[in-house]
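Worksheet: the structure to be examined is printed underneath.
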Amino acid sequence: MVAPGAASLTKFLAAPPPAIGGFLFYGSDALQIAARAEALSRALLKKLGPDAELARLHDTDLAADPDRVIVELTTRSLFGGTRIVWLTSLPAKAQAIVQDAIARPFDGAFLIAQAPDMKKSHKLAQSFEAAPYLAAIACYGEDRDSVVAGIRHQAAEAGYEIDGEAAALVAARCDCSALLARAETEKLITYAGEDRCITAAQVEDCLNDQQTAGLSDIVDAALDGDGRKAILAFERYMAAEANVSPVFVVLASSLLRLHALRAAVDAGASPMQAIKELRPPVFFKQQDALAAQVRKWTVPALAARLGDLNAALRDTRLKPALAEDIAARFLLTVAKEARAASRR
């Protein structure tokens, strides 16, 4: 039975046991599933060396040709290295093929499978958990401690030490998103240079750079109802990054935070009271702007946008070539809703 718990998961993904050849990430949190699958793929590529080959199969690939899973797992690498087959989604049409593929240990290959919304009781999840050569990792949302542990482990792997306060600050700035925290920690390590001990002051300096500000600019403009400003900031960000995932991560975290704050206000708290009770705390310079957003949005509207976000995120996985257009349309939808709310 291989089903690592939250406390040991960071180390497990950074250095998976040699006997494990297949990994299933399942549960209700698609962003956490993506972050953990990415962390594992990086660890495997580092371990296997330059001859390793990574093959990503998306939902559309598997829906069109489910047997491709078997082909990729059994095809020998052209350079003699180990293959990593990464299923970024697992449509129902491909599940029986995967079930057959995992019936025996793999030879010269690793399998990473993402299965958003799959339940623990699903036959495939139970098979991954039961086999000694497979692992099932449940993903039901980030928690602060695991994100902080991941930041410290990532820094240590690169030869740096980051103190607890600094790691907690990175996690807070990333709204406890492991996917965003990993990217920000990489930047922080580069920023630290030869200084091997990373402090909270360095985090403050580094995370005020253009990329972090750009993500905040995109999301804040959309939530404020300024669609033009949101799209201009988004285009600047994409010109440098070409990856929509961090935008969705920050927007999802912001919508969830607004939902919690608006619910507290509806229960009788003032916007500022609700904000001051948030953990991790909101940076004091951001509190007034956040309070204005809380006053503007309603719980039903926020719940609707969260549902739309999940659909948009799914569409980016199904149609990766259109991911930028899908994200831009969603930002405009959020901005339109915010403008309508301010007129009411």
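The values are calculated or read from the model by the stated rules, or taken from the named source; none is laboratory data. The model shown is predicted, which means the values in this text are computed figures rather than measured ones. Cβ: placed from backbone, ideal geometry, glycine included. Neighbour counts: every protein chain shown.
Go through region 286-344 residue by residue and tally those that are of a type in the set (S, T, N, Q) and over 19 Å from Val249 (Cβ atoms). Please lay out each step first, then the result.
First pass over region 286-344, keeping only residues of a type in the set (S, T, N, Q): 286-287, 293, 298, 310, 316, 333, 342.
Applying the additional criterion that residues be over 19 Å from Val249 (Cβ atoms) yields 287, 298, 342.
Selection size over region 286-344: 3.
Residue-by-condition table, conditions (1) crowded, with 20+ Cβ neighbours inside 10 Å; (2) under 25 Å from Ala264 (Cβ atoms):
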position: Pro300; (1), (2): no, yes
position: Ala311; (1), (2): no, no
position: Leu318; (1), (2): no, no
position: Ala338; (1), (2): yes, yes
Do you know which residues across region 275-298 are within 15 Å of Arg173 (Cα to Cα), modelled with pLDDT under 85 and either of a type in the set (Lys, Arg) or surrounded by 13 or more Cβ atoms within 10 Å (Cβ to Cβ) (or both)? Leu278, Arg279, Pro280, Val282, Lys285, Gln287
Per the list (1) outside the structural domain of His58 (by TED's automatic domain parsing); (2) within 28 Å of Leu45 (Cα to Cα); (3) surrounded by 13 or more Cβ atoms within 10 Å (Cβ to Cβ), residue check on Tyr133 breaks on (1)
Going by the structure shown, is Gly150 outside the structural domain of Lys47 (by TED's automatic domain parsing), under 24 Å from the mean Cα position of the chain (by Cα) and surrounded by fewer than 19 Cβ atoms within 10 Å (Cβ to Cβ)? no
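Whether any residue in region 49-60 is part of a loop (DSSP other than H, G, I, E, B), in contact with a helix residue (DSSP H, G or I) (Cβ under 7 Å, 6 or more places away or on another chain) and under 24 Å from Val249 (Cβ atoms) is what I want to check. First the steps, then the outcome.
The initial filter retains those residues of region 49-60 that are part of a loop (DSSP other than H, G, I, E, B), namely 49-52, 58.
When the remaining residues are screened for being in contact with a helix residue (DSSP H, G or I) (Cβ under 7 Å, 6 or more places away or on another chain), the result is 52, 58.
Pick out the ones that are also under 24 Å from Val249 (Cβ atoms) and you get 58.
Within region 49-60, one or more residues are part of a loop (DSSP other than H, G, I, E, B), in contact with a helix residue (DSSP H, G or I) (Cβ under 7 Å, 6 or more places away or on another chain) and under 24 Å from Val249 (Cβ atoms).
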Please state which of the following conditions Ala155 fails to meet, knowing it meets all the rest: (1) among the small types (Gly, Ala, Ser); (2) under 25 Å from Leu290 (Cα atoms); (3) outside the structural domain of Asp325 (by TED's automatic domain parsing); (4) crowded, with 20+ Cβ neighbours inside 10 Å. (2)
In contact with a helix residue (DSSP H, G or I) (Cβ under 8 Å, 6 or more places away or on another chain) and either of a type outside the set (A, V, I, L, M, F, W, C) or over 29 Å from His58 (Cβ atoms) (or both): is that true of Gly164 in this structure? yes
Just name the residue that is surrounded by the fewest Cβ atoms within 10 Å (Cβ to Cβ) out of those in region 42-83 that are closer than 17 Å to Ala14 by Cβ and in contact with a Lys or Arg (Cβ under 9 Å, 6 or more places away or on another chain). Arg42
Being surrounded by 21 or more Cβ atoms within 10 Å (Cβ to Cβ), among the small types (Gly, Ala, Ser) and closer than 16 Å to Ala135 by Cα narrows it down to one residue among Ala37, Ala30; which is it? Ala37
Taking region 18-43 on its own, how many of its residues are out of contact with any Ser or Thr (no Cβ under 9 Å at 6 or more places or on another chain), touching a residue at least 40 places away in the same chain (Cβ under 8 Å) and not in a helix (DSSP H, G or I)? 10
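Which members of region 216-234 meet the condition of being of a type in the set (D, E, K, R) and on the phi > 0 side of the Ramachandran plot? Even if it seems obvious, please write down each step before you answer.
Restricting attention to region 216-234, the residues satisfying the condition of being of a type in the set (D, E, K, R) are 217, 220, 224, 226, 228-229.
The answer is none; no residue qualifies.
Give Phe106, Phe110 a once-over and let me know the one that is hydrophobic (A, V, I, L, M, F, W, C), buried (at least 22 other Cβ atoms within 10 Å of the Cβ), in the same structural domain as Thr88 (by TED's automatic domain parsing) and under 23 Å from Glu72 (Cα atoms). Full working, then the answer.
Values: Phe106 fails: buried (at least 22 other Cβ atoms within 10 Å of the Cβ).
Matching residue, one of Phe106, Phe110: Phe110.
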In region 261-289, what count of residues is obtained for those that are in a helix (DSSP H, G or I) and more than 21 Å from Leu31 (Cβ to Cβ)? 17
If a residue has to be among the acidic types (Asp, Glu), free of Cβ contacts under 8 Å to residues at least 12 places away in the same chain and touching a helix residue (DSSP H, G or I) at 6+ places or on another chain (Cβ under 9 Å) to count, how many in region 296-332 make the cut? 1
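Listed residues Ser89, Ser121; which is without any contact (Cβ under 8 Å) to a residue 12 or more places away in the chain and within 30 Å of Ser253 (Cβ to Cβ)? Break it down stepwise before answering.
Working: Ser89 fails: without any contact (Cβ under 8 Å) to a residue 12 or more places away in the chain.
Step by step, each of Ser89, Ser121 is checked, and only Ser121 is without any contact (Cβ under 8 Å) to a residue 12 or more places away in the chain and within 30 Å of Ser253 (Cβ to Cβ).
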Taking region 1-19 and the residues there that are modelled with pLDDT under 80 and surrounded by fewer than 18 Cβ atoms within 10 Å (Cβ to Cβ), the one that is nearest to Asp143 (Cα to Cα) would be Ala6
